[in-house]
Amino acid sequence: MNKNVGYDVKDKDDSICNGFGINNRTENSSAQFIRGLDWKSETAMVSLSFTLLLVAGCAAVLANPAKIEDFPSIVQVETGYGRVWLQTCVGTILTSRHVLTAAHCLVGTALTPKMSRVRAGAGERGRDGQIVDVDSAIRHPDYTFKRFDSNVGIIRLAAYFSFSDKVARATIVASGVVFPANVAVTVASWGRTAQDVIWADRDLTSTRLYTTDNKACAARYADLPIPITITSNMICTAIPGTTGTHWGIRDGGSPVFYDGILVGFLSFGSPYGEKFPLVATSVSSFTDWIVENASY
């Protein structure tokens, strides 16, 4: 792969981009209360996503501990339930005021600005970092929950991130770049790391995956009780030595990097785990749309 495939999404005003962090908030969640609530809320959060069939009882595996400084563009997308805020998806910083995530993360309550916020610069789920409220969010016009395709959305923040070694924008892949099979990529997330466990990871992790052949991936998903069409707008990935990997509900929108460049973000998986690849939205299919909609 050519390393020079990146594209920086620029802020309208780079002085603001590096700027003041006005109205940013730093706060600690009540960790003990959240821990006691997680096992119940995990089930409740399924209703926020179209991935009900796909995520039940699944998990990401073979993850390694990661530092937020290694993935400063990753953020937690949180949804409010009364006085409690829970991480429901993951996103990636495009500019000091825009975050890229999966469109399925921006439905129902999660699309309501007063019920949504983003936490950046935090290695631990639900604790510390910069917290910024959501101003608005858009989904790609071609996205529908029945088709799984064009699963891409952008969050516009109500204030600006203050960039640092823990908070930075990502470089996204150029338009039209196609990844062949057997390319090593890295996924960062707060998803689950052991099969058949209830608890999601509290600390940030990273997982090394490899791209798989889209035709073979399509053949597998065509065999599901409710078939799913794999398109050229998707990247299929798996753990070496398997034909797939596991998926957790908090993994939606988790960034997929190639050599530090954002090439995708997790879209969906299968409850059959290692028998099915984990599918990401291919950023290069939407680079132009992303750049256009992250500039207002």
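Reported count of residues in region 147-186, each being under 22 Å from Arg119 (Cα atoms) and not polar (S, T, N, Q), is 18. Of everything in region 46-83 that is in contact with a strand residue (DSSP E or B) (Cβ under 7 Å, 6 or more places away or on another chain) and modelled with pLDDT under 80, the residue that is farthest from Lys166 (Cα to Cα) is Leu54.
Does at least one position in region 152-163 carry a residue that is assigned to a strand (DSSP E or B), small (Gly, Ala, Ser), modelled with pLDDT under 95 and surrounded by 23 or more Cβ atoms within 10 Å (Cβ to Cβ)?
no
Being more than 20 Å from Tyr296 (Cβ to Cβ) and either part of a strand (DSSP E or B) or more than 18 Å from the chain's Cα centre (by Cα) (or both) is the filter here; which residues of region 121-143 pass it? Answer for region 121-143, where residues must be more than 20 Å from Tyr296 (Cβ to Cβ) and either part of a strand (DSSP E or B) or more than 18 Å from the chain's Cα centre (by Cα) (or both): Glu124, Arg127, Asp128, Gln130, Ile131.
The values are calculated or read from the model by the stated rules, or taken from the named source; none is laboratory data. Please read these numbers as outputs of a predicted model, since none were measured by experiment. Every residue, glycine as well, gets a Cβ built from its backbone with ideal geometry; the counts of neighbours run over all protein chains shown.
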